[in-house]
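Just below is one structure, and these are the notes that go with it.
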Amino acid sequence: MKKILLITGLIILVSFTHRHSKSPNFIGKWNNTWDKESCYEFTEDGKYNILYHAWIGEDLVPVTHHFLYTAENYKAGWLLKISNAENNQFIHDIYIHFENDTMILTSFKAKKENPTEIDEIQVLVKPDKKTVSKKRSVNTSKSVFYIPENYFGLFHVLYDNSMDKEIAKNNRIYRIPDSGILSTAFEARPTDFALKRELFYRGKRNNRLSTVTISNLIEFNNAGAVSPPYCIDSVYVLTLGFNQIEGKRRAKVTDGVFVKNIESFKIDTLKNLINKKVYPAEY
(Lines give C-alpha, C1' and ligand atoms only; values in the text may rest on other atoms or scores of the structure.)
Protein backbone atom coordinates (compact mmCIF):
# COMPACT_ATOMS: atom_id res chain seq x y z
CA MET A 1 0.00 0.00 0.00
CA LYS A 2 2.81 2.42 0.91
CA LYS A 3 4.54 1.58 -2.39
CA ILE A 4 1.38 2.44 -4.34
CA LEU A 5 1.01 5.75 -2.49
CA LEU A 6 4.69 6.59 -3.11
CA ILE A 7 4.35 5.90 -6.86
CA THR A 8 1.13 7.92 -7.03
CA GLY A 9 2.81 10.84 -5.26
CA LEU A 10 5.76 10.75 -7.66
CA ILE A 11 3.42 10.75 -10.67
CA ILE A 12 1.54 13.78 -9.30
CA LEU A 13 4.82 15.60 -8.57
CA VAL A 14 6.21 14.93 -12.06
CA SER A 15 2.94 15.97 -13.66
CA PHE A 16 2.82 19.21 -11.63
CA THR A 17 6.46 20.05 -12.37
CA HIS A 18 6.06 19.39 -16.08
CA ARG A 19 2.91 21.48 -16.30
CA HIS A 20 4.40 24.48 -14.55
CA SER A 21 7.89 24.36 -16.07
CA LYS A 22 6.49 24.91 -19.55
CA SER A 23 7.05 28.45 -20.85
CA PRO A 24 3.95 30.68 -20.90
CA ASN A 25 2.31 30.84 -24.32
CA PHE A 26 2.88 34.58 -24.63
CA ILE A 27 6.68 34.22 -24.80
CA GLY A 28 8.14 35.43 -28.11
CA LYS A 29 7.61 38.26 -30.60
CA TRP A 30 4.17 39.55 -31.57
CA ASN A 31 2.94 42.05 -34.14
CA ASN A 32 0.13 44.52 -33.53
CA THR A 33 -2.65 43.98 -36.08
CA TRP A 34 -3.69 47.66 -35.81
CA ASP A 35 -0.15 48.99 -36.28
CA LYS A 36 1.91 46.66 -38.42
CA GLU A 37 5.12 48.62 -37.71
CA SER A 38 5.04 47.83 -33.99
CA CYS A 39 6.39 44.71 -32.29
CA TYR A 40 5.91 43.34 -28.78
CA GLU A 41 8.40 40.89 -27.27
CA PHE A 42 8.22 38.85 -24.07
CA THR A 43 11.32 36.90 -23.02
CA GLU A 44 11.53 33.93 -20.66
CA ASP A 45 13.73 35.88 -18.24
CA GLY A 46 11.05 38.51 -17.54
CA LYS A 47 11.85 41.22 -20.10
CA TYR A 48 9.16 43.04 -22.07
CA ASN A 49 10.14 45.15 -25.08
CA ILE A 50 8.00 47.31 -27.36
CA LEU A 51 9.25 48.50 -30.75
CA TYR A 52 7.32 51.08 -32.74
CA HIS A 53 7.94 53.96 -35.15
CA ALA A 54 7.53 57.60 -34.21
CA TRP A 55 7.95 60.90 -36.02
CA ILE A 56 10.97 62.87 -34.82
CA GLY A 57 11.03 66.07 -36.79
CA GLU A 58 10.42 65.01 -40.38
CA ASP A 59 11.82 61.50 -39.94
CA LEU A 60 9.98 58.32 -39.01
CA VAL A 61 12.40 56.48 -36.75
CA PRO A 62 12.21 53.22 -34.75
CA VAL A 63 11.81 53.60 -30.98
CA THR A 64 12.22 50.82 -28.41
CA HIS A 65 11.05 50.78 -24.79
CA HIS A 66 12.30 48.20 -22.30
CA PHE A 67 10.34 46.92 -19.31
CA LEU A 68 10.35 44.05 -16.81
CA TYR A 69 7.44 41.80 -15.93
CA THR A 70 6.30 39.19 -13.46
CA ALA A 71 3.43 36.88 -14.43
CA GLU A 72 0.73 34.97 -12.58
CA ASN A 73 -2.31 33.00 -13.68
CA TYR A 74 -5.38 35.24 -13.87
CA LYS A 75 -8.88 34.38 -15.14
CA ALA A 76 -8.43 32.66 -18.53
CA GLY A 77 -4.89 33.90 -19.07
CA TRP A 78 -2.06 35.78 -17.41
CA LEU A 79 -1.75 38.94 -15.33
CA LEU A 80 1.57 40.70 -15.85
CA LYS A 81 2.91 43.37 -13.54
CA ILE A 82 4.97 45.75 -15.66
CA SER A 83 7.83 47.73 -14.14
CA ASN A 84 10.55 50.11 -15.28
CA ALA A 85 13.64 48.25 -16.54
CA GLU A 86 15.98 50.81 -14.97
CA ASN A 87 14.63 51.13 -11.42
CA ASN A 88 12.10 48.25 -11.24
CA GLN A 89 9.35 50.71 -10.28
CA PHE A 90 5.82 49.40 -10.88
CA ILE A 91 4.04 51.00 -13.85
CA HIS A 92 0.78 49.11 -14.49
CA ASP A 93 -0.85 45.72 -15.03
CA ILE A 94 -1.64 44.03 -18.31
CA TYR A 95 -3.91 41.04 -18.84
CA ILE A 96 -3.12 38.55 -21.63
CA HIS A 97 -5.44 35.88 -22.92
CA PHE A 98 -5.86 34.05 -26.21
CA GLU A 99 -8.55 33.27 -28.73
CA ASN A 100 -7.12 30.53 -30.94
CA ASP A 101 -3.70 31.88 -31.97
CA THR A 102 -4.61 35.54 -31.38
CA MET A 103 -3.37 37.37 -28.27
CA ILE A 104 -5.63 39.95 -26.62
CA LEU A 105 -3.53 42.32 -24.50
CA THR A 106 -5.47 44.60 -22.14
CA SER A 107 -3.59 47.37 -20.34
CA PHE A 108 -5.01 48.79 -17.11
CA LYS A 109 -4.66 52.20 -15.55
CA ALA A 110 -1.76 52.46 -13.12
CA LYS A 111 -3.23 51.13 -9.88
CA LYS A 112 -1.60 49.11 -7.12
CA GLU A 113 -4.81 47.27 -6.22
CA ASN A 114 -6.67 44.79 -8.42
CA PRO A 115 -6.74 45.81 -12.10
CA THR A 116 -10.13 47.27 -13.00
CA GLU A 117 -9.88 50.43 -15.12
CA ILE A 118 -9.12 49.58 -18.75
CA ASP A 119 -6.59 51.75 -20.54
CA GLU A 120 -5.83 50.17 -23.95
CA ILE A 121 -6.57 46.95 -25.84
CA GLN A 122 -4.17 45.46 -28.39
CA VAL A 123 -4.69 42.53 -30.78
CA LEU A 124 -1.42 40.70 -31.42
CA VAL A 125 -0.41 37.87 -33.73
CA LYS A 126 2.82 36.02 -34.43
CA PRO A 127 5.01 37.59 -37.17
CA ASP A 128 4.18 34.74 -39.57
CA LYS A 129 0.46 35.48 -39.16
CA LYS A 130 -0.79 38.47 -41.15
CA THR A 131 -4.34 38.57 -39.84
CA VAL A 132 -6.42 37.59 -36.84
CA SER A 133 -7.62 33.99 -36.86
CA LYS A 134 -11.08 33.65 -38.39
CA LYS A 135 -11.95 30.57 -36.34
CA ARG A 136 -15.02 31.44 -34.31
CA SER A 137 -17.65 29.43 -32.49
CA VAL A 138 -21.17 29.96 -33.81
CA ASN A 139 -22.22 30.43 -30.18
CA THR A 140 -19.78 33.28 -29.52
CA SER A 141 -21.58 36.03 -27.63
CA LYS A 142 -21.59 39.51 -29.19
CA SER A 143 -22.47 43.00 -28.02
CA VAL A 144 -25.44 44.46 -29.90
CA PHE A 145 -26.19 48.19 -29.71
CA TYR A 146 -29.54 49.74 -30.67
CA ILE A 147 -29.30 53.48 -31.36
CA PRO A 148 -32.27 55.89 -31.57
CA GLU A 149 -33.56 57.13 -34.93
CA ASN A 150 -31.64 60.16 -36.28
CA TYR A 151 -29.20 60.10 -33.37
CA PHE A 152 -25.88 61.86 -34.06
CA GLY A 153 -22.92 62.54 -31.80
CA LEU A 154 -21.22 60.85 -28.89
CA PHE A 155 -22.75 58.05 -26.87
CA HIS A 156 -21.38 56.10 -23.91
CA VAL A 157 -21.93 52.84 -22.03
CA LEU A 158 -21.23 52.92 -18.29
CA TYR A 159 -20.38 49.39 -17.21
CA ASP A 160 -21.15 47.81 -13.84
CA ASN A 161 -23.20 50.89 -12.98
CA SER A 162 -26.78 49.60 -12.82
CA MET A 163 -28.96 46.65 -11.85
CA ASP A 164 -30.28 46.30 -15.41
CA LYS A 165 -29.01 44.13 -18.24
CA GLU A 166 -30.55 42.43 -21.26
CA ILE A 167 -29.52 39.25 -23.05
CA ALA A 168 -31.01 37.85 -26.26
CA LYS A 169 -29.81 34.76 -28.15
CA ASN A 170 -26.67 34.70 -26.00
CA ASN A 171 -25.82 38.30 -27.00
CA ARG A 172 -25.52 41.32 -24.75
CA ILE A 173 -28.10 43.97 -25.67
CA TYR A 174 -27.45 47.69 -25.18
CA ARG A 175 -30.33 50.05 -25.95
CA ILE A 176 -28.91 53.56 -26.11
CA PRO A 177 -31.39 56.18 -24.79
CA ASP A 178 -31.95 59.61 -26.34
CA SER A 179 -29.50 61.06 -23.79
CA GLY A 180 -26.70 58.98 -25.32
CA ILE A 181 -25.69 57.62 -21.89
CA LEU A 182 -26.53 54.05 -20.91
CA SER A 183 -25.78 52.46 -17.52
CA THR A 184 -25.64 48.67 -17.44
CA ALA A 185 -25.02 45.87 -14.96
CA PHE A 186 -22.70 44.15 -17.43
CA GLU A 187 -18.99 44.25 -16.70
CA ALA A 188 -16.79 45.64 -19.47
CA ARG A 189 -15.85 43.05 -22.09
CA PRO A 190 -13.01 44.58 -24.13
CA THR A 191 -12.62 41.46 -26.27
CA ASP A 192 -15.78 42.44 -28.16
CA PHE A 193 -14.21 45.79 -29.02
CA ALA A 194 -10.86 44.24 -29.91
CA LEU A 195 -12.24 41.48 -32.14
CA LYS A 196 -15.03 43.58 -33.69
CA ARG A 197 -17.86 41.69 -32.06
CA GLU A 198 -19.86 44.88 -31.56
CA LEU A 199 -22.88 45.26 -33.83
CA PHE A 200 -24.75 48.55 -34.28
CA TYR A 201 -28.35 49.09 -35.40
CA ARG A 202 -30.14 52.42 -35.77
CA GLY A 203 -33.77 53.48 -35.85
CA LYS A 204 -37.07 51.61 -35.98
CA ARG A 205 -35.95 49.56 -38.98
CA ASN A 206 -32.76 48.50 -37.22
CA ASN A 207 -30.52 49.63 -40.05
CA ARG A 208 -27.08 48.04 -39.61
CA LEU A 209 -24.23 50.56 -39.31
CA SER A 210 -20.62 49.87 -40.16
CA THR A 211 -17.77 51.05 -37.94
CA VAL A 212 -14.59 53.05 -38.42
CA THR A 213 -11.59 53.63 -36.18
CA ILE A 214 -9.37 56.61 -35.46
CA SER A 215 -6.71 54.91 -37.62
CA ASN A 216 -9.17 54.86 -40.53
CA LEU A 217 -9.85 58.58 -40.13
CA ILE A 218 -6.14 59.43 -40.03
CA GLU A 219 -5.57 57.32 -43.14
CA PHE A 220 -8.41 59.02 -45.05
CA ASN A 221 -7.29 62.48 -43.92
CA ASN A 222 -3.68 61.87 -45.01
CA ALA A 223 -4.75 60.41 -48.36
CA GLY A 224 -7.21 63.24 -49.02
CA ALA A 225 -9.77 60.65 -50.18
CA VAL A 226 -11.92 57.79 -48.96
CA SER A 227 -11.28 54.35 -50.38
CA PRO A 228 -13.95 51.64 -50.99
CA PRO A 229 -15.93 50.13 -49.37
CA TYR A 230 -16.30 53.35 -47.37
CA CYS A 231 -18.60 56.15 -48.56
CA ILE A 232 -18.00 59.76 -47.56
CA ASP A 233 -21.71 60.62 -47.05
CA SER A 234 -22.75 57.42 -45.24
CA VAL A 235 -23.28 57.23 -41.47
CA TYR A 236 -20.76 55.24 -39.41
CA VAL A 237 -20.04 54.46 -35.78
CA LEU A 238 -16.58 55.56 -34.64
CA THR A 239 -15.38 53.17 -31.92
CA LEU A 240 -13.31 55.11 -29.39
CA GLY A 241 -12.50 52.45 -26.80
CA PHE A 242 -12.53 52.59 -23.02
CA ASN A 243 -12.02 55.44 -20.55
CA GLN A 244 -11.16 58.01 -23.20
CA ILE A 245 -12.85 60.86 -21.35
CA GLU A 246 -11.48 62.39 -18.18
CA GLY A 247 -12.02 65.33 -15.84
CA LYS A 248 -15.09 67.49 -16.45
CA ARG A 249 -16.15 65.48 -19.49
CA ARG A 250 -16.19 62.26 -17.47
CA ALA A 251 -18.00 63.91 -14.56
CA LYS A 252 -20.66 65.19 -16.96
CA VAL A 253 -21.27 61.71 -18.35
CA THR A 254 -21.28 59.96 -14.95
CA ASP A 255 -23.12 62.74 -13.12
CA GLY A 256 -20.19 62.90 -10.73
CA VAL A 257 -20.42 59.21 -9.71
CA PHE A 258 -17.32 56.99 -9.89
CA VAL A 259 -17.57 54.48 -12.75
CA LYS A 260 -14.71 52.04 -13.39
CA ASN A 261 -15.14 51.61 -17.14
CA ILE A 262 -16.84 53.74 -19.79
CA GLU A 263 -16.88 52.76 -23.45
CA SER A 264 -17.39 55.62 -25.90
CA PHE A 265 -18.57 55.91 -29.50
CA LYS A 266 -19.50 58.62 -31.97
CA ILE A 267 -22.06 58.36 -34.76
CA ASP A 268 -21.95 60.72 -37.76
CA THR A 269 -21.34 60.83 -41.49
CA LEU A 270 -17.84 59.81 -42.49
CA LYS A 271 -17.26 63.33 -43.85
CA ASN A 272 -18.03 64.88 -40.48
CA LEU A 273 -16.03 62.28 -38.57
CA ILE A 274 -12.96 63.10 -40.69
CA ASN A 275 -13.38 66.89 -40.53
CA LYS A 276 -14.63 67.45 -36.97
CA LYS A 277 -12.92 66.95 -33.65
CA VAL A 278 -14.06 63.82 -31.83
CA TYR A 279 -14.82 65.78 -28.67
CA PRO A 280 -16.32 69.20 -29.49
CA ALA A 281 -15.31 72.20 -27.40
CA GLU A 282 -18.76 72.53 -25.85
CA TYR A 283 -18.77 68.93 -24.67
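The values are calculated or read from the model by the stated rules, or taken from the named source; none is laboratory data. All values reported here derive from a predicted model rather than from experimental measurement. When we count neighbours, we look across all protein chains shown, and the Cβ atoms used for this are built from the backbone with ideal geometry, even at glycine.
Details
- Residue check, TRP55 surrounded by fewer than 14 Cβ atoms within 10 Å (Cβ to Cβ) and modelled with pLDDT of 75 or more: yes
- Within the range 79-109, restricting attention to residues that are under 13 Å from TYR48 (Cα atoms) and charged (D, E, K, R), the residue that is surrounded by the most Cβ atoms within 10 Å (Cβ to Cβ) is ASP93.
- Of all residues in the range 178-188, at least one satisfies being at pLDDT 95 or above, of a type in the set (A, V, I, L, M), more than 19 Å from the chain's Cα centre (by Cα) and surrounded by fewer than 17 Cβ atoms within 10 Å (Cβ to Cβ).
- Subset of the range 58-79 [part of a loop (DSSP other than H, G, I, E, B) and of a type in the set (Gly, Ala, Ser)]: ALA76
- Looking at the range 80-139, the strands (runs of 3 or more DSSP E) lying wholly inside it that each contain 1 or more residues that are aromatic (Phe, Trp, Tyr) and at pLDDT 90 or above sit at 90-99, 102-108.
- Scope the range 231-261; condition aliphatic (A, V, I, L, M) and out of contact with any Lys or Arg (no Cβ under 7 Å at 6 or more places or on another chain); matching residues: VAL235, VAL237, ILE245, ALA251, VAL253, VAL257, VAL259
- Picking from residues in the range 32-51 that are closer than 21 Å to THR239 by Cβ and surrounded by 13 or more Cβ atoms within 10 Å (Cβ to Cβ), the one that is farthest from the chain's Cα centre (by Cα) is SER38.
- Filter result for GLU246 (at pLDDT below 90, under 23 Å from the mean Cα position of the chain (by Cα), closer than 30 Å to ALA185 by Cα and surrounded by fewer than 18 Cβ atoms within 10 Å (Cβ to Cβ)): yes
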